[in-house]
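Here's the structure we're looking at; comments come further down.
The values are calculated or read from the model by the stated rules, or taken from the named source; none is laboratory data. Note that the structure is a prediction, hence the values are computed from the model and not measured. Reconstructed Cβ throughout: ideal geometry from the backbone, glycine too, with neighbour counts over all protein chains shown.
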Amino acid sequence: MPNWGGGAKCGACDKTVYHAEEIQCNGKSFHKTCFHCMACRKALDSTTVAAHESEIYCKTCYGRKYGPKGIGYGQGAGCLSTDTGEHLGLNLQQSSPKPARPSTPTNPSKFAKKFGDVDKCPRCGKSVYAAEKIMGGGKPWHKTCFRCAFCGKSLESTNVTDKDGEIYCKETIRFKTTSLHQYC
């Protein structure tokens, strides 16, 4: 049956994908805005995607779902296992209590940033290094996390706005306020 609508169908939303907005992965086409992990909804690119049949995941979620199972496996990169081993008849938790953390300094602004401390991205919670940092709403973001919280559109300094600690594209804010006024 011919496809009169133009492009292929998106593997995520099943709508037509035209060439200008197409990302191909594992023999399927996706809209750039639909190219997200099916588990955690993190935006993907060619270096962070892991495909399984018709599903796409970030490497961490792929490792959790399809990686080797057992103690210390399947947790993905950078994650610590919280498996106690009880289901195997093991006790992997440490029996000695952790030492208490030192109290915070009396003047935190004086000690706000020590050498080696790195800002955390408010979207994913991971460290943001200078080479990948974009400031928005007074907070540091990864380039890949600097997206509208409502529609997922990639943001720039010209189209970003913040509200209640989250970032949005100006079109979303305009749409939300317009639609709210219609019902008031």
Within region 9-37, the residues that are touching a Cys at 6+ places or on another chain (Cβ under 6 Å), of a type in the set (A, V, I, L, M, F, W, C) and part of a strand (DSSP E or B) are 10, 17, 30
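Is it fair to say residue 21 is surrounded by 12 or more Cβ atoms within 10 Å (Cβ to Cβ), under 21 Å from residue 155 (Cα atoms) and modelled with pLDDT under 90? Let's see the steps before the verdict.
Details: surrounded by 12 or more Cβ atoms within 10 Å (Cβ to Cβ): yes; under 21 Å from residue 155 (Cα atoms): yes; modelled with pLDDT under 90: yes.
Answer is yes for this residue.
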Give me the pairs, please: first residue somewhere in region 132-154 and on the phi > 0 side of the Ramachandran plot and in contact (Cβ under 8 Å) with a residue 60 or more places away in the chain, second residue anywhere and of a type in the set (S, T, N, Q) and buried (at least 16 other Cβ atoms within 10 Å of the Cβ), beta-carbon distance under 6 Å, and either six or more positions apart or on two chains.
152/33
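Each row is one residue, and each column tells you yes or no for (1) in a helix (DSSP H, G or I); (2) at pLDDT 85 or above; (3) under 29 Å from residue 155 (Cβ atoms).
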{"residue": "3", "(1), (2), (3)": "no, no, no"}
{"residue": "39", "(1), (2), (3)": "no, yes, yes"}
{"residue": "47", "(1), (2), (3)": "no, yes, yes"}
{"residue": "62", "(1), (2), (3)": "yes, yes, yes"}
{"residue": "70", "(1), (2), (3)": "no, no, no"}
{"residue": "76", "(1), (2), (3)": "no, no, yes"}
{"residue": "83", "(1), (2), (3)": "no, no, no"}
{"residue": "90", "(1), (2), (3)": "no, no, no"}
{"residue": "94", "(1), (2), (3)": "no, no, no"}
Are any residues in region 21-68 farther than 17 Å from residue 142 by Cβ and of a type in the set (Val, Ile, Thr), and if so, which ones?
23, 33, 56
Every residue from region 143-167 that is of a type in the set (Val, Ile, Thr) and assigned to a strand (DSSP E or B):
160, 161, 167
Members of region 155-178 that are within 14 Å of residue 139 (Cβ to Cβ), of a type in the set (Asp, Glu) and modelled with pLDDT of 85 or more:
162, 166
Kindly provide the set of residues from region 27-53 that are under 12 Å from the mean Cα position of the chain (by Cα) and basic (Lys, Arg), ordered by number.
41, 42
